[in-house]
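Scroll down for the structure; my scribbles are underneath it.
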Amino acid sequence: NLIKEKGLEKEIIVKNFEWADFIPEAMIDDEIDAAVGTPLLAVAAHRACNAKIIIPPNKLWQNNPSYGIIVKQDLIENHPDLIVEFLKLHEKTSNFIRRKPNKAAKITSNVVKVIDEDFITQAYNISFKYCASLSKEFINSTLKFLQVLYELKYISKILTEKDIFDTRFIKKIHPEPPHY
């Protein structure tokens with residue numbers, strides 16, 4: 001929690017939005033001065049009101065836990081083969097994004113249809129960590145983030161690594177170190 005660490009609780013007021021799509025509009029309307037969010041939000045805010053990234057993701061929170069693949073216990077127990085196949089596709093897609101980001105952006109734009117190729121390319125360039133594997137640094141960063149979520153009362157108890165991560169499926173399809 002950078003705001004707390006720097007003693008800026010009185011100077012910086014945090015406003016949470018139920019939907020990130022509302023944030024660029026709030027910036028246009030001078031309702032907020034800055035935002036923290038995903039690469040897609042950064043690109044959208046730049047397009048909407050020429051917002052700039054002042055702290056890149058790797059400087060704000062090293063190995064930040066920006067996304068995850070969440071699977072119900074029922075799927076783990078009854079269809080582990082589906083999880084493995086999904087992770088294989090995820091890794092193949094991640095490799096494609098890393099190796100050919102412009103081509104991947106074009107395909108994504110054609111499929112999604114609501115955002116253009118340049119938008120997607122810009123988002124890919126902001127967040128370049130595309131890989132199915134989980135580094136120990138990523139796991140530790142997630143656990144550190146949980147402490148912040150607990151302190152801010154977003155969660156009622158601190159979860160352990162075992163509560164969150166089941167890496168046995170990833171280790172099957174990606175035994176080598178992460179690509180980032």
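Grab the Cα-Cα distance for Val148 and Gln62, subtract it from 0.36 nm times how many residues apart they are, and report the gain in nm with one decimal.
29.5 nm
For region 30-118, what does the convex hull of the Cα positions come to per residue, in cubic angstrom?
Working: hull volume 14.4 nm³, N = 89.
Value for region 30-118: 162 Å³ per residue.
Positive end of the charge dipole of the chain (Lys, Arg +1 and Asp, Glu -1 on Cβ, about the Cα centre): tell me which of Ala26, His174, Ala51 has its Cα farthest that way.
His174
Starting at 0 and stepping by 5 Å, how many percent of the alpha carbon pairs of region 1-54 end up in each bin?
Going from the shortest bin to the longest, the percentages are 4, 19, 28, 23, 16, 8, 0.
What per residue convex hull volume, in Å³, do the alpha-carbon atoms of region 64-180 yield?
138
So, with +1 on the Cβ of K and R and -1 on the Cβ of D and E, and no other charges, what is the size of the charge dipole of region 1-54 about its Cα centre, to the nearest 20 debye?
280
Read phi for every residue in region 159-168 and hand back ³J(HN,Hα) as whole Hz from Karplus 6.51 cos²θ - 1.76 cosθ + 1.60, θ = phi - 60°, with x for Gly and Pro.
So the J values, rounded to whole Hz, are 8, 9, 4, 5, 5, 9, 9, 10, 8, 4.
Which residue fluctuates most in the GNM of the chain (Cα springs below 10 Å): Leu143, Leu75, Leu40?
Among Leu143, Leu75, Leu40, the largest GNM mean-square fluctuation belongs to Leu75.
Cβ neighbours within 10 Å, averaged per peptide: list 107-116, 22-31 in order, most packed at the top.
Output ranking for 107-116, 22-31: 22-31, 107-116.
We did not get these values from a lab; they are worked out from the coordinates using the rules stated. Remember, it's a predicted structure, so these values are computed and weren't measured experimentally. All Cβ positions, even for glycine, are placed from backbone atoms using ideal geometry, and neighbour counts span all protein chains on display.
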